[in-house]
Amino acid sequence: MTQHWPAGEIAQMILDGFDDYREHFRRITLGARERFEQARWQDIQRAAATRINLYEQKVGEVNGWLRDGFEPQLLLEVEQWPLVKSAYIRLIDPRLDDELAETWYNSLFCSLFSHDQISDGCMFIHTTRPSLRSHERAAQTRTYRPDGSLKGLLRALFADYAFAYGDLEGDVARLEDQLRECLPDWVCKDPALAVELFVPVLYRNKGAYLVGRLYNSDEQWPLVIPLLHREGHGIEADALITDEAEVSIIFSFTRSYFMVDVPVPGQFVNFLKRILPGKHIAELYTSIGFYKHGKSEFYRALINHLASSDDRFVMAPGVRGMVMSVFTLPGFNTVFKIIKDRFSPAKTVDRATVVEKYRLVKSVDRVGRMADTQEFADFRFPRAKFEPECLAELLEVAPSTVAVEGDTVLIRHCWTERRMTPLNLYLEQASEGQVLEALEDYGLAIKQLAAANIFPGDMLLKNFGVTRHGRVVFYDYDEISYLTEVNFRHIPPPRYPEDEMSGEPWYSIGPHDVFPEEFPPFLFADIGQRRLFSRLHGELYDADYWKGLQASIREGKVIDVFPYRRKVR
């Protein structure tokens with residue numbers, strides 16, 4: 001064995017890399033206010049994608065530092081890595097972002113050992129950090145009290161969050177009315193009523209958000225005030241939201257990540273958890289851009305669930321996919337998706353393309369209509385945690401991805417997504433009113449994705465899900481593309497009467513050609529649903545509608561998609 005094994009030096013180099021990553025992450029994040037105030041919408045989208053890609057880029061750089069700084073044979077002596085972990089713990093103990101530092105260490109370890117040496121002795125499978133630090137006061141908050149005047153409270157609040165408002169007095173009057181509508185009259189008059197707001201502003205897409213809570217001695221309500229930049233008219237406070245379900249949607253897994261400067265991430269997540277108790281902390285970390293740590297928290301929740309329940313993996317309900325096989329844990333609100341070894345002949349994509357499409361979704365604006373995914377390598381689960389029928393199906397359709405090693409099932413590669421009710425199954429059980437609402441939202445989902453330059457490709461009902469809040473969300477990505485890559489065409493008129501009777505088209509079809517006139521029978525077997533959807537969203541069957549969207553995108557227009565219900569002005 002090497003006489004001096006450089007555990008401390010390796011630990012320090014890993015932490016230096018983390019500091020470099022955090023500095024670059026913070027620099028991108030701190031530019032959010034200027035981009036918002038200057039209405040640089042396309043720059044906002046580019047910055048979001050750059051920040052997402054930053055993590056893997058910086059892990060690769062530090063991997064290179066380690067390989068350049070230490071002999072490969074020495075660096076890969078895995079039995080010495082508990083010493084590195086111990087040295088690293090001592091280094092991160094004083095930090096305010098120590099939980100993120102643990103995840104960073106895990107990423108470096110896995111990049112060196114290719115997920116082959118995963119153990120709690122060498123890594124942070126379980127965290128060594130205090131859980132939630134509930135004894136500490138929520139970081140960076142301001143408190144406001146009405147002192148008999150809600151209007152005065154709102155004026156004081158906006159004085160602290162200074163922007164170039166266009167009509168602040170008008171905004172204050174409107175938000176005061178909304179606040180009185182949201183809360184019982186006795187609460188608005190309660191002398192103990194207070195507002196606590198997180199000091200840093202959260203930025204995403206074309207909006208900025210003030211986030212906090214309203215509370216008195218007995219109750220609390222979440223509070224979100226979205227700000228919009230009306231070009232030529234200044235900044236406007238658009239709404240005041242106190243409904244927990246609506247605030248939950250703002251922090252949804254279908255949204256892009258917020259830009260917000262949080263020196264103490266765990267404390268802000270605790271603050272969010274207090275106002276959104278139904279959200280898992282994995283989702284809250286992810287929502288503010290720390291998606292890798294969200295992945296760590298998800299994995300810990302998963303292994304804890306498996307260890308503490310009798311839950312077993314089963315195939316997910318719904319139509320079996322032609323490209324992906326999907327399984328789930330009934331008591332855990334997630335689906336696991338693996339790529340099949342052989343696709344249906346109707347599919348022309350290959351495995352590499354599917355991987356590319358799923359990774360694309362991570363870096364585009366999901367506009368509240370695409371489920372976020374987490375990509376995992378080398379999941380190992382006890383064989384006893386699989387229903388035999390589920391395991392048999394996975395081994396049959398994806399033997400290159402799923403393997404049994406004694407009492408363990410190895411999943412070499414998969415994605416996780418939030419579990420939803422497939423739209424086709426939802427419609428089978430829905431009332432007439434629910435069908436109307438779901439089809440209205442299905443059409444809106446397609447339109448909003450298209451306006452964000454995403455074409456779903458396969459728009460069948462089975463590829464969309466309904467969330468617990470009743471929103472329709474797309475979740476099957478193997479055929480997505482940028483809308484501007486698609487060639488939308490009208491079906492040419494028949495040359496002869498016989499053309500219409502032919503089973504084959506009388507016109508050439510290119511690989512990127514799409515004929516929206518063909519959508520109705522393709523999307524809806526149920527004639528009633530087909531007619532209803534034509535009434536609600538018939539323009540989707542017109543190639544000119546899609547071409548108009550493409551023209552807007554090419555002109556650089558970025559659409560407004562609001563993650564909350566807006567009041568009629």
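The values are calculated or read from the model by the stated rules, or taken from the named source; none is laboratory data. Everything numeric here is computed off the predicted structure, so don't read it as measured data. Virtual Cβ from ideal backbone geometry, glycine too; neighbours counted across all protein chains shown. Ligands, DNA and RNA are excluded from the accessible area calculation, which covers all protein heavy atoms including side chains. Shrake-Rupley method; radii C 1.70, N 1.55, O 1.52, S 1.80 Å.
By DSSP, the beta bridges lying fully in the range 141-304 are antiparallel in about 95 percent of cases. The label-point distance for Ser400 and Met501, in a model that sets each label 7 Å from Cα toward Cβ, rounds to 4.7 nm.
Using the Cβ-Cβ distance between Arg180 and Lys557 with R0 set to 41 Å, the FRET efficiency works out to roughly 0.65. Cα extents for the range 7-113 along the principal axes, largest to smallest and rounded to whole angstrom: 53, 28, 17. Model label points for Ser508 and His305, set 7 angstrom from Cα along the Cα-to-Cβ axis, are 5.1 nm apart. Surface analysis of the chain yields an accessible area of 44 Å² per residue, using protein heavy atoms and a 1.4 Å probe. Computed on protein heavy atoms with a 1.4 Å probe, the accessible areas place Val264, Val195, Val404 in the order Val404, Val264, Val195, largest first. Computed over the chain, the per-residue total of -39500 (n - 2.57) for DSSP H runs of n ≥ 4 gives a 222 nm mean residue ellipticity of -13500 deg cm²/dmol, rounded to 500.
Largest first, the residues Glu479, Glu283 sort by 1.4 Å accessible area into Glu479, Glu283.
Just so you know, the Cα atoms of the range 164-228 work out to an Rg and Dmax of 13.1, 37 Å. Pairwise Cα separations in the chain fall into 10 Å bins from 0 onward with the following percentages, short to long: 3, 15, 24, 25, 19, 10, 3, 1, 0. Compute the FRET efficiency between Thr353 and Leu96 as 1/(1 + (r/R0)^6), taking r as their Cβ-Cβ distance and R0 = 51 Å, and round to the nearest 0.05. The calculated FRET efficiency here is 0.75. A Förster radius of 60 Å combined with the Cβ-Cβ distance from Gln434 to Glu23 puts the calculated FRET efficiency at roughly 0.75. Put the Cα centre of the range 447-498 next to the Cα centre of the range 363-423 and the gap is 25 Å. The fraction of accessible area contributed by carbon and sulfur in the range 141-304 is 50 percent, rounded to a whole number (1.4 Å probe; ligands and nucleic acids excluded). Heavy-atom accessible area, probed at 1.4 angstrom with all protein chains present, ranks Met315, Met370, Met322 as Met322, Met315, Met370, highest first.
Length gained on full extension, Gln73 to Ala164: 26.9 nm, using 0.36 nm per residue less the C-alpha separation. Please say if the range 141-304 is rounded, prolate or oblate, where rounded means a/c under 1.5 for a ≥ b ≥ c the square roots of the C-alpha gyration tensor eigenvalues, and otherwise the choice is prolate for a/b larger than b/c and oblate otherwise? Oblate, because a/c is 1.5 or more while a/b does not exceed b/c.
Sorted from longest to shortest, the spans of the Cα atoms of the range 367-515 along the three principal axes equal 65, 37, 29 Å.
Extension gain, Asp120 to Glu61, is 18.8 nm, computed as 0.36 nm per intervening residue step minus the present C-alpha separation. Here the range 309-419 has an Rg and Dmax of 14.1, 44 Å, counting Cα atoms alone. In this structure, the pairs whose alpha-carbon distance is over 30 Å, taken from Lys295/Lys462; Lys337/Lys557; Lys58/Lys357; Lys273/Lys337; Lys273/Lys340, are Lys337/Lys557; Lys273/Lys340. Expressed in Å, the radius of gyration and Dmax of the Cα atoms of the range 208-324 are 18.0, 59.
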